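**Student:** Input: one structure, supplied below.
The values are calculated or read from the model by the stated rules, or taken from the named source; none is laboratory data. These numbers were taken from a predicted model, which means no experiment stands behind them. Because the Cβ atoms are built from the backbone with ideal geometry, glycine has one as well, and the counts that use them run over all protein chains shown.
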Amino acid sequence: MIPAFFVFAYLAVVLYIGVFAFRKASRNETAEDYFLASRSLGTAVFLFSLFGTNMTAFTILGSSGHAFSNGIVTFGLMASASALVIPLTLFLIGTRLWALGKRFGFMTPVQFFRDRWECGHVGTVIFVAQAALLVPYIIIGVMGGGATLSAISGGWVPYWLGGATVALVVMGYVFFGGMRGTAWVNTLQTILFLSFGAAALTVIGTGMGGFRQAAEALLNSPVTAPLLTRERISPWFFLSYTFIPLSTIAFPHIGIFCLTARRMQQFKPTVILYPICLLAIWLPSVFLGVMANRATEVPSIAAKLEARQTLAGQGSLLPPEERNRLRQSAAGDDVIVLLLNHYAPVWLAGLLGAGIMAAVMASDSQILALSTMFTEDVFAFYGGKERFGSAAQVHMGRIFVLGLTAVAYLIALRAPATIFELAVQYAFSGYASLFPLLAAALFWKGSTKWGALASTLWTVSAVVAVAVFQYAVPTPQAGSATPVWSLFGAAALSRTPGGTAIFGLMPVVPMVLISLLLMITVSLLTQTPSPQTLSRYFQRSDGNHTLGSKRRLMASSTN
């Protein structure tokens, strides 16, 4: 329990930061102050909080767990493409979002969509889609908290209690501190988990007697040698992952964080340093996940390897319930924590466990983003702020935080997928499919609200279809796939151990391409917004447009 006490101490610190931020807020707390920290974040806080909010349980626990099962290729799947695509989208799209938010007073992406396309209820549909797609991302934070506390305490803290503890702490500092408290906590968390990688590599490597022998042993075994190559992942499936980083700028919490910067110049160091920060956390996480396959002296890891071997040899002969049990036993989301518990001194395992928890708790920004969107895009848009005032809007946001966290916790208790699969198959793929909306709104004068509606409905339908398909078709054993539909002699639709394949590609590829096609086709067939609106976004303006005039324009819209 000693390492767990270190983690609990860390949780107490971040909870205090949220309360301290609450006390620092003015008595007449406004919605802009609570949800956007009055657009006043400094350079360092903006960099660390923007990076930290995108590095969740998926980064440390999910990546190491995926690498434990699939090998070093995990780094190429996510980190390499993300290091190029994410900084590029922050530079091209994030800066423009900041400028428009500063000029027109936007607090959420949906507010921007409503004004840009002169739509009201269509914006509500976009809000519902974004909210539904963000919930899986929040769930993985609760799952990561439960897995971390359970593993680091040796089972003394059960999964359900660990998840509940993390959910309550995150809910607490988001409830009290709003964006300011969340940004401060994210800054601390980013510093912690960026320091975690090098320390964990040193400690675990020393405990294992050096990684050289472990890597050579993996390479010399025909069972584990593929973990050091790309051969477990087909080239087309590998290339599919280049579409996944498009989701980052489309995430509402990233878009909202772009609005909090004090000056546009703060984006420059963020774009430059983002790939370096990405390397510092992804490389050690993936590498340790692979090396865990040689840690057979750790009882819990040995049990995972035995369960994996049973699935590979007898998986097709076992009943579905037994296969699911073995699959959950073989999952590697907690292997880094298990390595720390075995190879690190007790006190150091606790400190590094706090670093892992720092990444796990980055779901705070998603919770705050959904709260911001609900209060601005639903409560305020439909007259709640005018009737009850700005203070009531903040209270409504806090109530939404409570309800959303409770729902995410209940779902996390029964989530069947691993952290990596849950994030990639649903949250990342869905938001990557919504990327054409954001790009079209910013850069294409001819885009319309009906094109946006078509893309949104397609995205939701595709995500639901993938979920239903994966629920209906049993997961095949590792290294195999179940063809469900063939076309021209090729497997058009298959169930894979990691999810779904369409002509050998991840679903995100057709989702993004069809979303883009719908946006273009439907927009060409429908009427564009008024010349006055287009002139404000695509020509120089006198700067006299205000948020009040914008909202009157939106209120007068019937669609």
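**Student:** Evaluate the following for Asn324: is it farther than 21 Å from Ser195 by Cβ, surrounded by 24 or more Cβ atoms within 10 Å (Cβ to Cβ) and under 27 Å from the mean Cα position of the chain (by Cα)?
**Tutor:** Considered against the rule, which asks whether it is farther than 21 Å from Ser195 by Cβ, surrounded by 24 or more Cβ atoms within 10 Å (Cβ to Cβ) and under 27 Å from the mean Cα position of the chain (by Cα), Asn324 comes out as no.
**Student:** Being within 30 Å of Pro497 (Cα to Cα), in contact (Cβ under 8 Å) with a residue 60 or more places away in the chain and part of a helix (DSSP H, G or I) is the requirement here; does Phe257 meet it? If you could, list the steps in order and put the result at the bottom.
**Tutor:** Values: within 30 Å of Pro497 (Cα to Cα): no; in contact (Cβ under 8 Å) with a residue 60 or more places away in the chain: yes; part of a helix (DSSP H, G or I): yes.
The answer is no for Phe257.
**Student:** Are any residues in the stretch 78-89 within 12 Å of Leu283 (Cα to Cα), surrounded by 20 or more Cβ atoms within 10 Å (Cβ to Cβ) and out of contact with any Leu (no Cβ under 7 Å at 6 or more places or on another chain), and if so, which ones?
**Tutor:** Met78
**Student:** Residue by residue through the stretch 39-77, note down the ones that are at positive phi and surrounded by fewer than 21 Cβ atoms within 10 Å (Cβ to Cβ).
**Tutor:** Arg39
**Student:** So, one more: Return the only residue of Thr459, Thr500, Thr526 being of a type outside the set (A, V, I, L, M), farther than 20 Å from Arg96 by Cβ and in contact with a Pro (Cβ under 6 Å, 6 or more places away or on another chain).
**Tutor:** On the way: Thr459 fails: in contact with a Pro (Cβ under 6 Å, 6 or more places away or on another chain); Thr526 fails: in contact with a Pro (Cβ under 6 Å, 6 or more places away or on another chain).
Being of a type outside the set (A, V, I, L, M), farther than 20 Å from Arg96 by Cβ and in contact with a Pro (Cβ under 6 Å, 6 or more places away or on another chain) holds for just one of Thr459, Thr500, Thr526, which is Thr500.
**Student:** Within the stretch 260-286, count every residue that is outside any helix (DSSP H, G or I) and crowded, with 24+ Cβ neighbours inside 10 Å.
**Tutor:** Residues that pass the stated criteria total 2.
**Student:** Which residue pairs have Cβ atoms under 7 Å apart, sit 6 or more places apart or on different chains, and have a first residue in the stretch 318-343 that is closer than 18 Å to Phe211 by Cα and a second that is part of a helix (DSSP H, G or I) and hydroxyl-bearing (Ser, Thr, Tyr)?
**Tutor:** As it stands, the answer is Val335/Ser64; Ile336/Ser64; Ile336/Ser285; Val337/Thr148; Leu338/Ser300, since those pairs meet every condition given.
**Student:** Looking at (1) acidic (Asp, Glu); (2) within 23 Å of Phe175 (Cα to Cα); (3) modelled with pLDDT of 80 or more, which is the only condition Asp364 fails?
**Tutor:** Every listed condition holds for Asp364 apart from (3).
**Student:** Also: Of all residues in the stretch 294-309, how many are in contact (Cβ under 8 Å) with a residue 12 or more places away in the chain, in contact with a helix residue (DSSP H, G or I) (Cβ under 6 Å, 6 or more places away or on another chain) and over 20 Å from Met1 (Cα atoms)?
**Tutor:** Residues in the stretch 294-309 being in contact (Cβ under 8 Å) with a residue 12 or more places away in the chain, in contact with a helix residue (DSSP H, G or I) (Cβ under 6 Å, 6 or more places away or on another chain) and over 20 Å from Met1 (Cα atoms): 5 in total.
**Student:** Looking only at the stretch 231-241, which residues are touching a helix residue (DSSP H, G or I) at 6+ places or on another chain (Cβ under 8 Å) and farther than 17 Å from Ile514 by Cβ?
**Tutor:** Arg232, Ile233, Phe238, Tyr241, listed by residue number.
**Student:** Can I ask one more? Could you please give the count of residues in the stretch 509-538 that are outside any helix (DSSP H, G or I) and under 22 Å from Ala129 (Cβ atoms)?
**Tutor:** 2
**Student:** With the requirement that a residue be among the aliphatic types (A, V, I, L, M) and either free of Cβ contacts under 8 Å to residues at least 24 places away in the same chain or part of a helix (DSSP H, G or I) (or both), what does the stretch 156-174 give you?
**Tutor:** Selection gives Leu161, Ala164, Val166, Ala167, Leu168, Val169, Val170, Met171, Val174.
**Student:** Further, regarding this structure: Give the stretch 462-486 a look and list any residue that's closer than 23 Å to Arg414 by Cα and either assigned to a loop (DSSP other than H, G, I, E, B) or in contact with a Cys (Cβ under 6 Å, 6 or more places away or on another chain) (or both), or say none.
**Tutor:** Those that are closer than 23 Å to Arg414 by Cα and either assigned to a loop (DSSP other than H, G, I, E, B) or in contact with a Cys (Cβ under 6 Å, 6 or more places away or on another chain) (or both): Val473, Pro474, Thr475, Pro476, Gln477, Ala478.
**Student:** Considering only the stretch 287-311, state which residues are assigned to a helix (DSSP H, G or I) and hydroxyl-bearing (Ser, Thr, Tyr). Show your work before the answer.
**Tutor:** Applying the first criterion (assigned to a helix (DSSP H, G or I)) to the stretch 287-311 yields 287-294, 299-311.
Ser300, Thr310 - these are the residues of the stretch 287-311 that are assigned to a helix (DSSP H, G or I) and hydroxyl-bearing (Ser, Thr, Tyr).
**Student:** Assigned to a helix (DSSP H, G or I) and either hydrophobic (A, V, I, L, M, F, W, C) or surrounded by 24 or more Cβ atoms within 10 Å (Cβ to Cβ) (or both): does that describe Gly177?
**Tutor:** On the way: assigned to a helix (DSSP H, G or I): yes; either hydrophobic (A, V, I, L, M, F, W, C) or surrounded by 24 or more Cβ atoms within 10 Å (Cβ to Cβ) (or both): yes.
Criteria met by Gly177.
**Student:** Restricting to the stretch 488-544, and then to whatever is under 30 Å from Thr475 (Cα atoms) and among the aromatic types (Phe, Trp, Tyr), can you tell me which residue is surrounded by the fewest Cβ atoms within 10 Å (Cβ to Cβ)?
**Tutor:** In this case the residue turns out to be Phe488.
**Student:** Looking only at the stretch 206-226, count how many residues are in contact (Cβ under 8 Å) with a residue 12 or more places away in the chain and not hydrophobic (A, V, I, L, M, F, W, C).
**Tutor:** Summing the residues that are in contact (Cβ under 8 Å) with a residue 12 or more places away in the chain and not hydrophobic (A, V, I, L, M, F, W, C) in the stretch 206-226 gives 4.
**Student:** Restrict the check to the stretch 487-508 and report whether at least one residue is at pLDDT 85 or above, out of contact with any Asp or Glu (no Cβ under 9 Å at 6 or more places or on another chain) and assigned to a helix (DSSP H, G or I).
**Tutor:** yes
**Student:** Another one. Can you name the helices (runs of 4 or more DSSP H) wholly within the stretch 312-410 that have at least 3 residues being under 23 Å from Thr187 (Cβ atoms)?
**Tutor:** Working: elements: 320-330, 335-343, 346-360, 364-374, 384-388.
Fully inside the stretch 312-410 and qualifying: 346-360, 364-374.
**Student:** While we're looking at this one, here's another question. So, in the stretch 209-221, exactly how many residues are of a type in the set (Gly, Ala, Ser), surrounded by 12 or more Cβ atoms within 10 Å (Cβ to Cβ) and closer than 21 Å to Leu339 by Cα? Working first, answer last.
**Tutor:** Of the residues in the stretch 209-221, the ones of a type in the set (Gly, Ala, Ser) are 209-210, 214-215, 217, 221.
Adding the requirement that they be surrounded by 12 or more Cβ atoms within 10 Å (Cβ to Cβ) leaves 214-215, 217, 221.
Among the residues that remain, those that are also closer than 21 Å to Leu339 by Cα are: 214-215, 217.
The number of residues fulfilling the criteria is 3.
**Student:** Could you grab me the full set of residues in the stretch 518-559 that are at pLDDT below 50, touching a Gly at 6+ places or on another chain (Cβ under 8 Å) and closer than 17 Å to Val110 by Cβ?
**Tutor:** Leu547, Lys550, Met554, Ala555, Ser557, Asn559
**Student:** Further, regarding this structure: Out of Ala217, Ala199, report the one residue that is at pLDDT 80 or above and more than 22 Å from Glu306 (Cα to Cα). Lay out the reasoning, then the answer.
**Tutor:** Values: Ala217 fails: more than 22 Å from Glu306 (Cα to Cα).
Of the residues listed, the single one that is at pLDDT 80 or above and more than 22 Å from Glu306 (Cα to Cα) is Ala199.
**Student:** So the check is Cβ under 6 Å with 6+ separation or different chains; which pairs have a first residue in the stretch 445-461 that's over 17 Å from Leu513 (Cβ atoms) and a second one that's in a loop (DSSP other than H, G, I, E, B)?
**Tutor:** Going by the 6 Å Cβ cut-off, the qualifying pairs are Gly446/Thr528; Thr448/Thr526; Thr448/Thr528; Lys449/Cys119; Trp450/Thr526.
Per-residue answers, yes or no, for (1) modelled with pLDDT of 80 or more; (2) of a type in the set (D, E, K, R):
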| site | (1), (2) |
| --- | --- |
| Leu273 | yes, no |
| Leu278 | yes, no |
| Val286 | yes, no |
| Pro299 | yes, no |
| Leu305 | yes, no |
| Ala312 | no, no |
| Leu318 | no, no |
| Asp334 | yes, yes |
| Val337 | yes, no |
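**Student:** Given the conditions (1) within 19 Å of the chain's Cα centre (by Cα); (2) without any contact (Cβ under 8 Å) to a residue 60 or more places away in the chain, which single one is not true for Val185?
**Tutor:** Single failed check for Val185: (2).
**Student:** Right, next: If only one of Thr206, Thr224, Thr165, Thr202 is surrounded by fewer than 21 Cβ atoms within 10 Å (Cβ to Cβ) and within 18 Å of Ala9 (Cβ to Cβ), which one is it?
**Tutor:** The match here is Thr165.
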